[in-house]
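Worksheet: the structure to be examined is printed underneath.
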Amino acid sequence: MKITGVELRRIAMPLVAPFRTSFGTETSRDVLLVRVVTPDAEGWSECVAMAEPLYSSEYVDGAAEVIRRFLLPALPKNLDAGDVARALEPIKGHRMAKAAVETAVLDAQLKAAGESFGRFLGAARSRVPCGVSVGIMDSIPQLLDAVGGYLDEGYVRIKLKIEPGWDVEPVRAVRERFGDDVLLQVDANAAYSLTDARRLARLDAFDLLLIEQPLANDDLVQHAKLATRLRTPICLDESIESAEHAAAAIALGSCSIINIKPGRIGGYLEARRIHDLCRANGIAVWCGGMLETGLGRAANVALAALPGFTLPGDTSGSRRYYATDVTEPFELVDGHLEVPSGPGIGVEPIPSVLDEVTTSAEWIAL
């Protein structure tokens, strides 16, 4: 496949409500979209980098620069999507930017072949169960109202963001209000240290599915030590940036569950490798989210349909984050989202909506 050019498009997407985690509060997303153009098809993707380097070292301005200056010139003139990671390997890091390039190439390739993302990746289901991530709130009553609303919408799993000072009591309140039958988990986004083990162990009383990324992303050894002191399973997210990281975490006993975020680990091909590794080692996986628009959500839903994804992911409906999505909205039906069946990611941007939210566009001829 020959790429004739690439468009880097920035869009501004306001969130329906502020989303607060232990590392900050988001009220809107500055999204970098990548459009790859070939003689036979166009492919789309979105980069999950945030506006500021708070969740990871990557940020959207930097991602655009590294794609423009280093990644695109490194691509061979004729390539298969499977060649992208090898071509970009000499460039260290920048997995979010690399994922955006590879995904757009893969989308174009699959559209030209008339094959869906789900079929290509190995999806085993036509729809996937959906959970929702609930940010840190100003008060417990506000949290309970939010959780109740999501349960009324049909979400099958609730994830609560936590941080020191907002952990045991909010979890207790949700359990007491909504009962033991609600699938409940928490996400710390690396906000704790091993000295907090006793406090984290208090969460064992609430029969959680898992506690996600309690400690620093670069500390697999401390996670392994913490795992011996908790009954609640530990899930790793930010610690897992590749299949090699996943293999090390499994070998050390750092986790028993892994959250796979394809936009953060270099793309969907690497995500499939991590899925296969975990499945072979009896490690449960689920698909995490990065507040994607419909373009990223479509590919995530296809990934979440693979057989090893045995826990509901953060593949929420479009209106969880956006009043108007850039694609036709993903609507929750009985707690599930349908896996797109059309060629490539199976969705396209709506031109009028895309134009309305675009803040800049740059065409790069190759």
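Remarks
- Of the candidates E292, E244, the single residue that is within 20 Å of A97 (Cα to Cα) and crowded, with 24+ Cβ neighbours inside 10 Å is E292.
- Single match in V147, V186, V174, V182 (criterion: touching a strand residue (DSSP E or B) at 6+ places or on another chain (Cβ under 8 Å), in the same structural domain as R202 (by TED's automatic domain parsing), surrounded by fewer than 18 Cβ atoms within 10 Å (Cβ to Cβ) and under 26 Å from S318 (Cα atoms)): V182
- If you filter segment 314-343 down to residues that are under 22 Å from R10 (Cβ atoms) and touching a residue at least 60 places away in the same chain (Cβ under 8 Å), you find that the one that is surrounded by the most Cβ atoms within 10 Å (Cβ to Cβ) is V326.
- Residue under evaluation N281, criteria (1) more than 14 Å from the chain's Cα centre (by Cα); (2) within 25 Å of L354 (Cβ to Cβ), criterion not met: (2)
- Given (1) within 19 Å of I265 (Cα to Cα); (2) assigned to a strand (DSSP E or B), number of the condition P53 does not satisfy: (2)
- Search result, residues across segment 113-133 that are aliphatic (A, V, I, L, M) and surrounded by fewer than 24 Cβ atoms within 10 Å (Cβ to Cβ): A113, L121, A123, A124
A quick yes/no check of all residues on (1) among the charged types (D, E, K, R); (2) assigned to a helix (DSSP H, G or I); (3) farther than 24 Å from G335 by Cα; (4) more than 24 Å from the chain's Cα centre (by Cα):
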position: E169; (1), (2), (3), (4): yes, yes, yes, yes
position: R177; (1), (2), (3), (4): yes, yes, no, yes
position: D181; (1), (2), (3), (4): yes, no, no, yes
position: L184; (1), (2), (3), (4): no, no, no, no
position: R198; (1), (2), (3), (4): yes, yes, yes, yes
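- Of all positions in segment 107-125, none carries a residue that is more than 30 Å from D83 (Cβ to Cβ) and either polar (S, T, N, Q) or at pLDDT below 95 (or both).
- Restricting the first member to segment 257-275 and to residues that are touching a residue at least 60 places away in the same chain (Cβ under 8 Å), and the second to residues that are of a type in the set (D, E, K, R) and in a helix (DSSP H, G or I), the beta-carbon pairs closer than 7 Å and six or more apart or on different chains are R264/R95; I265/R95; G266/R95; G266/K98; G267/K98; G267/E102; L269/E102.
- When segment 75-112 is filtered for residues that are in a helix (DSSP H, G or I), surrounded by fewer than 16 Cβ atoms within 10 Å (Cβ to Cβ) and free of Cβ contacts under 8 Å to residues at least 60 places away in the same chain, the ones remaining, listed by number, are D83, R86.
- There is at least one residue in segment 298-313 that is out of contact with any strand residue (DSSP E or B) (no Cβ under 8 Å at 6 or more places or on another chain), buried (at least 24 other Cβ atoms within 10 Å of the Cβ) and either aliphatic (A, V, I, L, M) or in the same structural domain as L88 (by TED's automatic domain parsing) (or both).
- When segment 344-364 is limited to residues that are in a strand (DSSP E or B) and not polar (S, T, N, Q), the one that is surrounded by the most Cβ atoms within 10 Å (Cβ to Cβ) turns out to be G344.
- Residues of segment 151-170 that turn out to be aliphatic (A, V, I, L, M) and in contact with a Leu (Cβ under 6 Å, 6 or more places away or on another chain), as a count: 1
The values are calculated or read from the model by the stated rules, or taken from the named source; none is laboratory data. The structure presented is a predicted model; accordingly, all values stated were derived computationally and were not measured. Methodologically, a virtual Cβ is constructed for each residue, glycine included, from the backbone with ideal geometry; neighbour enumeration extends over all protein chains shown.
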